[in-house]
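S.K.: Please see the structure below; I have some questions.
The values are calculated or read from the model by the stated rules, or taken from the named source; none is laboratory data. Just so it is clear, the structure is predicted and the values come from calculations on it, not from any experiment. We place every Cβ from the backbone using ideal geometry, glycine too, and count neighbours over all the protein chains shown.
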Amino acid sequence: CLGQQSSFSRGFDTILGMLLVSLRENSPVIRAKALRAVSIIVEADPDVLCDKRVQLAVEGRFCDSAISVREAALELVGRHIASHPDVGLQYFEKVAERIKDMGISVRKRAIKIIRDMCTSNVDFPESTRACIEIMSRISDEESSIQDLVCKTFYEFWFEEPSGRQYFGNDSSVPLEVARKTE
């Protein structure tokens with residue numbers, strides 16, 4: 001953890017604490033910028049996202065009154081899903097709730113993050129629920145959301161992920177499908 005391993009560690013907790021306090025400021029601009037600053041810290045040390053204080057603060061911003069802040073919170077989590085699938089599982093419930101958000105950009109980002117959770121981890125334990133949540137937006141009043149849902153399921157069903165392994169030498173059946181149907 002960055003806070004434990006570098007010379008920066010003495011001030012790390014103080015800085016992180018100040019940023020987390022900034023997430024409760026009145027100005028949505030300050031809250032969104034604080035989330036972007038936390039994102040920079042998370043890039044240096046992804047374990048910060050697993051810190052309970054950070055998780056509670058970020059999840060709290062998923063329900064912020066400002067769309068820009070909700071979107072920044074989702075962006076923060078979404079950036080680290082593919083490289084840290086455990087983070088995806090930890091935040092899945094709250095991200096899934098944002099699929100029903102009033103903000104179009106927030107709904108889109110939530111769908112993309114959940115899609116990434118499923119595609120980056122073949123054994124994602126919430127994949128069925130993820131599909132149900134995404135499918136719930138097929139009748140969205142916004143056509144771009146409907147298109148994204150269709151595109152997402154097209155990717156799930158018809159596109160080959162890179163590095164996919166097959167059941168046998170001459171098989172066209174992906175190994176993960178063969179395992180699930182055994």
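S.K.: Would you tally the residues in the stretch 139-159 being loosely packed, with under 14 Cβ neighbours inside 10 Å and touching a helix residue (DSSP H, G or I) at 6+ places or on another chain (Cβ under 6 Å)?
M.R.: Residues flagged as loosely packed, with under 14 Cβ neighbours inside 10 Å and touching a helix residue (DSSP H, G or I) at 6+ places or on another chain (Cβ under 6 Å) within the stretch 139-159 amount to 1.
S.K.: Something else about it: Can you find a residue that is outside any helix (DSSP H, G or I) and either without any contact (Cβ under 8 Å) to a residue 24 or more places away in the chain or touching a strand residue (DSSP E or B) at 6+ places or on another chain (Cβ under 8 Å) (or both) anywhere in the stretch 26-37?
M.R.: There is at least one residue in the stretch 26-37 that is outside any helix (DSSP H, G or I) and either without any contact (Cβ under 8 Å) to a residue 24 or more places away in the chain or touching a strand residue (DSSP E or B) at 6+ places or on another chain (Cβ under 8 Å) (or both).
S.K.: Something else about it: Within the stretch 147-173, which residues are among the hydroxyl-bearing types (Ser, Thr, Tyr) and either under 13 Å from Asp116 (Cα atoms) or modelled with pLDDT under 90 (or both)?
M.R.: The initial filter retains those residues of the stretch 147-173 that are among the hydroxyl-bearing types (Ser, Thr, Tyr), namely 152, 154, 162, 166, 171-172.
Across the stretch 147-173, the qualifying residues are Thr152, Ser162, Tyr166, Ser171, Ser172.
S.K.: Related question: Starting from the stretch 45-56, keep only residues that are of a type in the set (Lys, Arg), then list their pairs with residues that are at pLDDT 95 or above and part of a helix (DSSP H, G or I) whose Cβ atoms are within a distance under 7 Å, requiring at least 6 positions of separation or different chains.
M.R.: Pairs found: Arg53/Leu20.
S.K.: Now, a different point. Looking only at residues that are of a type in the set (Asp, Glu) and part of a helix (DSSP H, G or I) in the stretch 136-161, which one is farthest from the chain's Cα centre (by Cα)? Write out each step before concluding.
M.R.: If we filter the stretch 136-161 for residues that are of a type in the set (Asp, Glu), which is where we start, we get 140-142, 147, 155, 159-160.
Imposing the further condition that a residue be part of a helix (DSSP H, G or I) reduces the set to 147, 155.
Working: Asp147: 20, Glu155: 18 Å.
It comes out as Asp147.
S.K.: What are the residues in the stretch 24-62 that are farther than 18 Å from His84 by Cβ and either among the hydroxyl-bearing types (Ser, Thr, Tyr) or assigned by TED's automatic domain parsing to the domain that holds Phe92 (or both), if any?
M.R.: If the condition is that a residue be farther than 18 Å from His84 by Cβ and either among the hydroxyl-bearing types (Ser, Thr, Tyr) or assigned by TED's automatic domain parsing to the domain that holds Phe92 (or both), then Ser27 is the only one that fits.
S.K.: Right, something else. Just checking, does the stretch 7-14 include any residue being among the basic types (Lys, Arg) and modelled with pLDDT of 95 or more?
M.R.: So in the stretch 7-14, the residues among the basic types (Lys, Arg) come out as 10.
Now restrict to residues that are modelled with pLDDT of 95 or more: none.
Checking the stretch 7-14: not a single residue is among the basic types (Lys, Arg) and modelled with pLDDT of 95 or more.
S.K.: Please go through the stretch 22-76 and pick out each residue that is acidic (Asp, Glu) and in contact with a helix residue (DSSP H, G or I) (Cβ under 7 Å, 6 or more places away or on another chain). Break it down into steps so the answer makes sense when it comes.
M.R.: First, the residues of the stretch 22-76 that are acidic (Asp, Glu): 25, 43, 45, 47, 51, 59, 64, 71, 75.
If the condition is that a residue be acidic (Asp, Glu) and in contact with a helix residue (DSSP H, G or I) (Cβ under 7 Å, 6 or more places away or on another chain), then Glu25, Asp45, Glu59, Asp64, Glu71, Glu75 are the ones that fit.
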